Amino acid sequence: MEKQKLVINGGNRLEGEIAVHGAKNSALPLLSATVLVSEGECVLHNCPKLTDVDYAMRILSCIGVKCKREGSTVIADASVAENTEVPQSLMREMRSSIVFLGAMLGRMKSCKLSFPGGCELGPRPIDLHLSALREMGAEITEQHGFLMCTAPKGLHGANISLSFPSVGATENIMLAAVRAKGVTQIHNAAREPEICDLAEFLSGCGAKVHGAGTDIIIVEGVKTLHGCEHRVIPDRIVTASYLCAAACCGGELILSGANAEHLGQMIPILQSMGCKIYSFGKDSIYIRVTGRLKAPQTIRTMPYPGFPTDAQALIMTATTKAQGTTVFVENIFENRYRHVSELRRMGANIKVEGKVAVVEGVDRLYGSELQATDLRGGAALVLAALSAEGKSVVTKLCHIDRGYENIERSLRLAGADIKRV
Ligand code: UD1
């Protein structure tokens, strides 16, 4: 796997249709939520085939949840889930494995998980998750890299105010609260579409969740949950990636299965750069790009509905060849400019000072040997290579495969010269 690389000959316009798969960041908390369902099967459609989703399914199997995949549908039966320990090796593979904490505490009242630690985006603390769960009655101690968690009297509702609208903490609290005793209020909750998707799934299972999508979520605990069928929302960051691919290369793309309503500022920013974008209901987006793009206004990453940090590297790639200067302010993660040094090697003119990056548009990028630095940064390098002159080779594909189902196939079908060797 590690030896695989993408070989890309840049310069082709993109034209055709790309199907957008289900959202990784929805599928992971949804799979975790199945742990709470003790009656009947959960059927998740549009569940993307990604390495992170495979890890989540392996974690479920360790806990005792029977889990199988049929095409893009995952079926999970948690009627006898009772194992309270997840091996360290699995926890380490995926930082977002921490989202199993709330669900396991809610179902088994105890669990032992290894501390997820940092990741390629810098330190990723979980203090907000832990303090909220403690307010709900959990006793959590940290011992030699492990989190030992119990709720001897069961979890109870609480009034929780998050100092930052953390996506993962909001999800963990929702998961812990649905079967807790009493009512939980989450103030300053994250408002991402993935939160709404989780609330919708939990409601389908019989949970009482109100206010998802606003900054106050109220959960009334229920005794049991039953299985249901649910369709995972389309991946908004994969959608953003292919929109940026068209912006980088020029051409015309239809993104089927994509929901423009989840893209927030992405579409107006691409339009301000000169892209023509039209959306058709909640399930397809058309983009046409001709001529040189203009630099957009300052891009500041913010919690939803602000500009997503996950799309920062992608749109930066599109600005490297735009006319004018673009300023980026990365407000969410401290180490999220690791793709910049790779883009510079291709001829991009980018300066970074702390959380600010300044991109001066250049006439062209040149193919190079590139290493994916993280998931979205890696995808951004693929886009840069597609729009560069000459040949590029991208390595460390394990990062990209965490979040894109066969990225090379989607792009090749749209006319790109890209292959995995
Ligand atoms: C989720 C997404 C990730 C996205 C991020 C921000 C998943 C699986 N991942 O990650 O792709 O980039 O949202 O949109 O859905 N923080 C704390 N203490 C905490 C928790 C978070 O200080 O207890 C800080 C983080 O260090 C970071 C910020 O809050 O600076 C945002 O993190 P958070 O919203 O929690 O992101 P994740 O849920 O980890």
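Throughout, read-outs are computed from the coordinates displayed, never taken from laboratory work. Quick caveat: nothing in here was measured; it's all calculated off a predicted structure. Cβ: placed from backbone, ideal geometry, glycine included. Neighbour counts: every protein chain shown.
Under a 5 Å amide H cut-off, with hydrogens placed 1.01 Å from N, Arg231 pairs with His45 among residues at least 5 apart or on other chains.
The residues Val43, Val289, when put in order of fewest to most other Cβ atoms within 10 Å, stand as Val43, Val289.
Rounded to the nearest 10 degrees, the inclination of helix 51-63 to the longest alpha-carbon principal axis of the chain is 10 degrees. When both the stretch 12-75 and the stretch 224-252 are represented by their alpha-carbon centers, they are found 14 Å apart. When DSSP beta bridges are restricted to pairs lying wholly in the chain, around 70% turn out antiparallel.
Shape analysis of the stretch 18-66 places it in the prolate category; the axes a ≥ b ≥ c from the Cα gyration tensor give an a/c of at least 1.5, with a/b above b/c.
Shown for Tyr337, Tyr242, Tyr278: other C-beta atoms within 10 Å of each C-beta, ranked fewest to most, produce the order Tyr278, Tyr337, Tyr242. Of the residues Cys47, Cys398, the one with the fewest other Cβ atoms within 10 Å heads the list, and the complete ranking is Cys398, Cys47. For the chain, the longest piece that avoids every one of the trypsin sites (Lys or Arg not before Pro) found in DSSP loops with at most 11 other C-beta atoms within 10 Å covers 224-421. Semi-axes of the equivalent ellipsoid for the stretch 92-196, computed as √(5λ) from the eigenvalues of its C-alpha gyration tensor and ordered from largest down, come to 20, 18, 11 Å.
Taking only C-alpha pairs under 8 Å that are 6+ residues apart, what is the relative contact order of the chain in percent?
Contact order relative to length: 21 percent.
Across the stretch 21-60, Cα pairs under 8 Å and at least six residues apart give a relative contact order of 62 percent. Every helix of 4 or more DSSP H residues in the chain counts as -39500 (n - 2.57), and over all residues that averages to -8500 deg cm²/dmol at 222 nm. Only lysines eight or more places from Lys419 in sequence, or on another chain, were considered; those with a Cα closer than 18 Å are Lys3, Lys5, Lys391, Lys396.
One quarter of the convex hull surface, Cα atoms only: what value does that give for the stretch 369-421 in nm²? Averaged projected hull area, Cα only: 3.4 nm².
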